[in-house]
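Okay, so here's the structure we're looking at.
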Amino acid sequence: MPEMSGTGEVRKLSYGEAVNAALHRLMEELPETLVYGEDVGEPGGVFGVTRGLRKQYGDRAFDTPISESAILGSAVGAAMMGRRPIVEIMWADFSLVALDQIVNQAANVRYVSNGRLAAPLTIRTQQGGAPGACAQHSQCLEALFLHVPGLRVCMPSTPQDAYDLLVTAVHSDDPVLVVENRTLYFGAKEEVRVGGAAGPMGGARVRRSGTDATVVTWGAITARVLEAAESLAGEGVDVEVLETPWLNPFDTEAVTAGAARTGRLAVVHEANVTGGFGAEVVARVTESGVPLSAPPLRVGTPDTRMPAAPVLAEALVPDAARIARELRALVRGAS
């Protein structure tokens, strides 16, 4: 039986089930919400996370043609007219088809209307490497959207975050990209507190305390960073893992404080290194004047396209062993 409390019900949910639970809650409590995209209605979504919405809420959850530009264009208009659309772009790569609608329209609504209009639009998508994902289904594009003023971006890595961040996003009056990861949808079930008030945007949290270096990370690769940190602990290397589920707004203060605590900084993300958001994190800490005892470290996927062969793709995305090796060198000053 689920545990009940004054702040909600605790249920055992996988990451994908947590997304589904959040969608059901939002459709129930916000009658202005719509959920739509390719295969999200009758089929219940390619990954099953919209299952049951069509049956329970009828025409408020529906399938669309294969046209990302139409999905996003209609969502911007619906949001401006009082709806709160939650649209799914099946793969983040496909959002590139609708960059005009996201970057030139949704992100600009509040500004060009002098605050008279808003675009409370939530875009759910997923990204990252997975076996056989290939070059057009595996790109990590968070840095592209983080460059655009007016867009909010978050990347949940746990079932609880998958629930909480989606609820916060849909309650926001700004356009928000909720970037999920297909490798997490069918992971282990965890206790998730559902219900309660929507939380604020922003904030970072210490997933592991440490004294030798601060590692900033987000998204699915967080689990690999934690695995690397635990393996290093057995060697006497003690690293702090600081997760930032919200990338805009970004908790610069928490990251700077972490770097000040340990005197060393590393940023680990699944995206390509060049132009990745890790560079922005390093820049913010450097500009703050926090003294570091070693040059900041960025760990990410090499600047290459993702191969179709699963074994080759897996070799490119940083695993726990590579992350541990890089962090060991940062702390000890040698590879």
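Values for this structure:
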read-out: Checking Glu180 against (1) more than 16 Å from Thr33 (Cα to Cα); (2) among the acidic types (Asp, Glu); (3) open to solvent by 10 Å² or more (accessible area, probe 1.4 Å), the condition it does not meet; value: (3)
read-out: The range 247-266 - residue that is part of a loop (DSSP other than H, G, I, E, B) and touching a helix residue (DSSP H, G or I) at 6+ places or on another chain (Cβ under 9 Å) and, of those, farthest from Ala220 (Cα to Cα); value: Arg264
read-out: Ser74 vs. criteria of a type in the set (Ser, Thr, Tyr), over 21 Å from the mean Cα position of the chain (by Cα), open to solvent by 20 Å² or more (accessible area, probe 1.4 Å) and under 30 Å from Met306 (Cα atoms); value: no
read-out: Among the residues listed as Ala308, Ala271, Ala279, the single one being closer than 25 Å to Gln126 by Cα, open to solvent by 30 Å² or more (accessible area, probe 1.4 Å), aliphatic (A, V, I, L, M) and not in a helix (DSSP H, G or I); value: Ala308
read-out: Residue in the range 56-63 that is open to solvent by 20 Å² or more (accessible area, probe 1.4 Å) and in contact with a Phe, Trp or Tyr (Cβ under 8 Å, 6 or more places away or on another chain) present; value: yes
read-out: Which listed residue is charged (D, E, K, R) and modelled with pLDDT under 95, from Arg116, Arg124, Arg182; value: Arg182
read-out: Every residue from the range 91-112 that is under 16 Å from the mean Cα position of the chain (by Cα) and either closer than 17 Å to Asp303 by Cα or among the small types (Gly, Ala, Ser) (or both); value: Ala92, Asp93, Ser95
read-out: Which listed residue is touching a residue at least 40 places away in the same chain (Cβ under 8 Å) and under 21 Å from Pro302 (Cβ atoms), from Ala130, Ala119; value: Ala130
read-out: The one condition in (1) in contact (Cβ under 8 Å) with a residue 24 or more places away in the chain; (2) within 20 Å of Arg325 (Cα to Cα) that Leu226 fails to fulfil; value: (1)
read-out: Top-ranked residue of the range 82-125 - restricted to ones that are basic (Lys, Arg) and outside any loop (DSSP other than H, G, I, E, B), ranked as nearest to Leu141 (Cα to Cα); value: Arg124
read-out: Matching residues, the range 184-195, being part of a loop (DSSP other than H, G, I, E, B) and open to solvent by 40 Å² or more (accessible area, probe 1.4 Å); value: Phe186, Ala188, Lys189
read-out: When residues of the range 142-173 are limited to those that are in a loop (DSSP other than H, G, I, E, B) and open to solvent by 30 Å² or more (accessible area, probe 1.4 Å), the one nearest to Arg83 (Cα to Cα); value: Asp173
read-out: Subset of the range 253-262 that is in contact with a strand residue (DSSP E or B) (Cβ under 8 Å, 6 or more places away or on another chain) and of a type outside the set (A, V, I, L, M, F, W, C) - its residue that is surrounded by the fewest Cβ atoms within 10 Å (Cβ to Cβ); value: Arg261
read-out: The one condition in (1) surrounded by fewer than 23 Cβ atoms within 10 Å (Cβ to Cβ); (2) closer than 15 Å to Val179 by Cβ that Leu247 fails to fulfil; value: (1)
read-out: Test result for Gly115, within 29 Å of Arg25 (Cα to Cα) and more than 19 Å from the chain's Cα centre (by Cα); value: yes
read-out: Candidates Val35, Val40 - the one that is assigned to a loop (DSSP other than H, G, I, E, B) and among the hydrophobic types (A, V, I, L, M, F, W, C); value: Val40
read-out: Residue satisfying all of: in the range 282-305; among the hydroxyl-bearing types (Ser, Thr, Tyr) and not in a loop (DSSP other than H, G, I, E, B); most open to solvent (accessible area, probe 1.4 Å) among these; value: Thr286
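The values are calculated or read from the model by the stated rules, or taken from the named source; none is laboratory data. All of these numbers come straight from a predicted model, not from anything done at the bench. Every residue, glycine as well, gets a Cβ built from its backbone with ideal geometry; the counts of neighbours run over all protein chains shown. We work out accessible area using only protein heavy atoms, side chains counted, and drop any ligands, DNA or RNA first. Shrake-Rupley method; radii C 1.70, N 1.55, O 1.52, S 1.80 Å.
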